[in-house]
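J.: Pasting in a structure now, in structure tokens, and then I'll have a few things to ask.
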Amino acid sequence: MAKVELTPQCLIPVRPILIVGANVNGKADFVNIGSGGLLSFEPPTVAIPFRYMRYSLKGTLENWTFSVNIPSADQTVVSDYCGIISGEDADKARDCNFTVFYGKLENAPMIEEFPINFECTVLHVIGTHSHELVIGQVISTYVSESYLKDGKLDFNRFSPLLWYPDMGQYVTIGPALGKAFGIGKELRNKANK
Ligand SMILES: Cc1cc2nc3c(=O)[nH]c(=O)nc-3n(C[C@H](O)[C@H](O)[C@H](O)COP(=O)(O)O)c2cc1C
């Protein structure tokens, strides 16, 4: 198939929306981060790319803590709101009707209405040309009870909010396609591996 070369870019078409929380001057701020994600399992770490001017970055570096709040698909409007106005100009928690709670770290604000929350301490800050990449260690993870089945997130109850940048749209997932670490086994057997 013919390929078209584009400008160099991280063309990962679909990304999970993370709503990152930080206290700035003692008040909770929440920012929509569409290009962050998981970094390592042991210890559990996440990478959050903040543009330098973000008000929420100020709070993250003030306290050396932040939270990650994962919305479900029906929380699209409030999630987008957190990405189109700065905490310098608005009280986003109040405008979105968020119930803010704190965990072990005591100064990483989390959103009770969102299904998944983790609180993190900052491990490293790496400067890039465009972003301050904040690497955080997850200290505690919380899940709203109704999204769990046998202690695990239930695919049938939780529809994540994803971002498709090239389409400029939020989307969610479709049907399950096959068992991970399983569906490829037939091909492995055929290849005698
Ligand atoms: C879909 C979407 C994805 C975004 N991803 C990022 C991101 O990865 N990093 C970033 O610094 N800003 C990102 N933003 C922009 C910030 O969320 C936005 O500028 C926000 O108003 C900053 O809030 P603050 O000033 O309270 O920190 C994104 C916004 C949207 C709508």
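J.: Among the residues of the range 160-193, count how many are in contact with a strand residue (DSSP E or B) (Cβ under 6 Å, 6 or more places away or on another chain) and more than 18 Å from ILE33 (Cα to Cα).
T.: Count: 0.
Okay, residues lined up against (1) in a loop (DSSP other than H, G, I, E, B); (2) open to solvent by less than 40 Å² (accessible area, probe 1.4 Å); (3) farther than 27 Å from CYS10 by Cα; (4) away from the ligand (no atom under 16 Å from the Cβ):
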residue	(1), (2), (3), (4)
PHE98	yes, yes, yes, no
ALA108	yes, yes, yes, no
LEU123	no, no, no, yes
ILE139	no, no, yes, yes
MET167	yes, no, no, no
ILE173	yes, no, no, yes
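J.: Please specify each residue of the range 9-67 satisfying the condition of being in a loop (DSSP other than H, G, I, E, B) and within 7 Å of the ligand (Cβ to nearest atom).
T.: If the condition is that a residue be in a loop (DSSP other than H, G, I, E, B) and within 7 Å of the ligand (Cβ to nearest atom), then ILE17, GLY34, SER35, GLY36, ARG54 are the ones that fit.
J.: Another question about this same structure. Does VAL4 qualify as being crowded, with 17+ Cβ neighbours inside 10 Å, without any contact (Cβ under 8 Å) to a residue 40 or more places away in the chain and among the aliphatic types (A, V, I, L, M)?
T.: Judged against the criteria, VAL4 is not a match.
J.: If you go through the range 68-94, how many residues are assigned to a helix (DSSP H, G or I), in contact with a strand residue (DSSP E or B) (Cβ under 6 Å, 6 or more places away or on another chain) and either more than 12 Å from the ligand (Cβ to nearest atom) or free of Cβ contacts under 8 Å to residues at least 40 places away in the same chain (or both)?
T.: Of the residues in the range 68-94, 0 are assigned to a helix (DSSP H, G or I), in contact with a strand residue (DSSP E or B) (Cβ under 6 Å, 6 or more places away or on another chain) and either more than 12 Å from the ligand (Cβ to nearest atom) or free of Cβ contacts under 8 Å to residues at least 40 places away in the same chain (or both).
J.: When the range 12-37 is examined, which residues are found to be surrounded by fewer than 17 Cβ atoms within 10 Å (Cβ to Cβ), more than 15 Å from the chain's Cα centre (by Cα) and in contact (Cβ under 8 Å) with a residue 12 or more places away in the chain?
T.: PRO13, ASN25, LYS27
The values are calculated or read from the model by the stated rules, or taken from the named source; none is laboratory data. The structure presented is a predicted model; accordingly, all values stated were derived computationally and were not measured. FYI the Cβ positions are ideal-geometry reconstructions off the backbone, even for glycines, and counts take in every protein chain you see. SASA here: full protein model, heavy atoms, side chains in, ligands and nucleic acids out. Shrake-Rupley method; radii C 1.70, N 1.55, O 1.52, S 1.80 Å.
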